[in-house]
Structures are given as C-alpha cells and as structure tokens.
Amino acid sequence: MSTHNLLWTSGWDSTFRLLQIILIEKENVQPIYIIDKTRRSLKVELEGIKKIQEKIKELHPEAYERILPVWYAEEDLTLNKEIVESSNYINSFVKLGSQYSWLAQFCHNHNLNNVEISNDKNLRDDSLTNFLMTNYIKADTNAKDQDKYNKVGTIFKYFSFPVSTLSKRDMLVIAKKNKWENIMYLTWFCHKPRKNKACGKCTPCINVIKKRMGFRIPPVNRMKGYIKIFFSREFKPAS
C-alpha cells in the first residue's frame, strides 16, 4: 500500500485531498505540518487538525487507521542560494508566497520528493496555480522555455499537485456526494482569526469569498470582506 506525503494545514484543499487518499484511494497518508510560531492562525489550525481527525475516527474508523501520526516539523531553515534565486525569478512573473521557498528547503533538507501540495484550480492570469500549470505542471519540457521550467522547478520539483484541476466548488460537490461535508466544514483558512472566527478581511478570507465559498465566514465578518473587495476594485488610488 502506498503512503502519500501530504502537506496538511487543516485547510479545505489539503483536507479534501486527505479524504480522497484514505476513503477513495484507500491508501496511507503521512500528514506534514510545518510549525511557524509567528503564524496568528497556528492555534486554530492545530485545533482544526485534531477536530478533523476525531470526526474521521468517528465516521470512518477503518479509514482513520490509514492516517499516520502527523509530522509536526519545527526547525530553523536557511534558504540555499538556488532556492532564493528561483523565488526571486518566479516573483518577477507572479506573486509567490514565502511559504513555498521554506517548504522547498524543508523537502530538500529531508530528501523528500513528490510531496503533495494542495493548490486548487485558479484560471486567473495573475494566480500562482495558473502560472505553474502553464510553465511547469503541464509545460512542454522540449519547448523553448526549458530554462524557465528549470528555474521554476528549483522550488517546485519537490511537489506534486493532485487537486490543481479542481476548484473549491468542485471539491464541495464531491464532498457532498460522498457525505464528507461534516468533515470539510471543520477545515480552517483564516490567517487573522478573531475569537476563533474567520476575520473576513485577510487574503485567504477574501479568496474564499471570491471563490463563492463565503458561507464559511460569519455574516458580519463576511460583509467586511465584501466591503474590502468593493473598495479595492472601485477606489484603488491611481499610481
């Protein structure tokens, strides 16, 4: 039986993938969570992992046995020159979250490959997932952009992208069909929670609203997100 190394944050996409592995593919999963003590959502994410595991154990005890103990990794990471250069290169085309460089360095240090990272489908021209699909995941390695492929691969060669063709709404449909929604609604995404509730205004909350998943945010905080989106579009100062 195969074991999948999966970066799991208790978020929607990675939890969906975890359920796919243990319930549909019926294989083992090694969840990996990188601890960042500066992350404001650390506490709620760790609580989310425990709640999700408990719900899986309650509803699917046999599948629960396929989840290996979570690897909580806490270590100082120093980015090597190649990863820094690759990060700078990718940032010249699209915004690259700093977590990807640190995750790549972590995989490099531990000789890990094919680590599953759960980036959902995003067709926007300025999205990282769309950039990766075009220039790396589905790129023709014999084409003239071989150099770009190699530079992007310095960071992303450690990963696989099992849900990159699915939107969050697609995952919701599949979850409901398989009766996973009670598990999926325990997932977390907000970076700046207030009283253990999604703030509605941080980048992940805004993305959730834009992807028609705003029902996961309390109504008052959701309205704050809509207002922020409105003003960022309509009243953005001229450069």
Which value at 222 nm does the chain reach when only helices count, each DSSP H run of 4 or more adding -39,500 (n - 2.57), with the total divided by all residues and rounded to the nearest 500 deg cm²/dmol?
-13000 deg cm²/dmol
Tail weight of P(r) past 20 Å, computed on alpha-carbon pairs of the stretch 1-123, percent:
49 percent
If one puts a single equal scatterer on every Cα of the chain and applies the Debye formula without solvent, what log₁₀ I(q)/I(0) results at q = 0.08, 0.11 Å⁻¹?
-0.32, -0.62
What is the Cα centroid distance between the stretch 1-37 and the stretch 144-175, reported in whole angstrom?
16 Å
Provide, for q = 0.23 Å⁻¹, the log10 of I(q)/I(0) from a solvent-free Debye sum over equal Cα point scatterers in the stretch 108-154.
-0.93
Whole percent per 5 Å bin, from 0 to the bin with the longest distance: what is P(r) over all C-alpha pairs of the stretch 159-239?
3, 14, 20, 21, 18, 14, 7, 3, 1, 0
Cβ-defined net charge surrounding LEU46, 12 Å radius [Lys, Arg +1; Asp, Glu -1]:
+1
Net charge near PHE93: determine it from the other residues with C-beta under 15 Å of the C-beta of PHE93, scoring Lys and Arg +1 and Asp and Glu -1.
-1
Listed residues TRP180, TRP188 arranged by accessible area, highest first, probe 1.4 Å
TRP188, TRP180
Cross-link table LYS55/LYS151; LYS37/LYS177; LYS43/LYS210; LYS37/LYS168; LYS95/LYS168; LYS51/LYS121, entries beyond 32 Å C-alpha to C-alpha:
LYS55/LYS151; LYS37/LYS177
For the stretch 36-125, averaging the sequence separation of alpha carbon pairs under 8 Å that lie six or more residues apart and dividing by its residue count, the contact order in percent is 19 percent
Relative contact order for the chain using alpha-carbon pairs under 8 Å, separation at least 6, rounded to a whole percent?
21 percent
At q = 0.13, 0.24, 0.31 Å⁻¹, what log₁₀ I(q)/I(0) does a Debye calculation on the Cα points of the stretch 163-206 give, no solvent, two decimals?
-0.37, -0.90, -1.00
Taking placed amide H atoms and a strict 5 Å upper bound, the residues 5 or more places from TRP71 or on another chain that come that close are ILE32, TYR33
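The values are calculated or read from the model by the stated rules, or taken from the named source; none is laboratory data. Just so you know, these numbers come straight off a predicted model, no measurement behind them. For neighbour counting, all protein chains shown are included, and Cβ atoms are generated from backbone atoms with ideal geometry for every residue, glycine included. Calculation scope for accessible area: heavy atoms of the full protein, side chains included, ligands and nucleic acids excluded. Shrake-Rupley method; radii C 1.70, N 1.55, O 1.52, S 1.80 Å.
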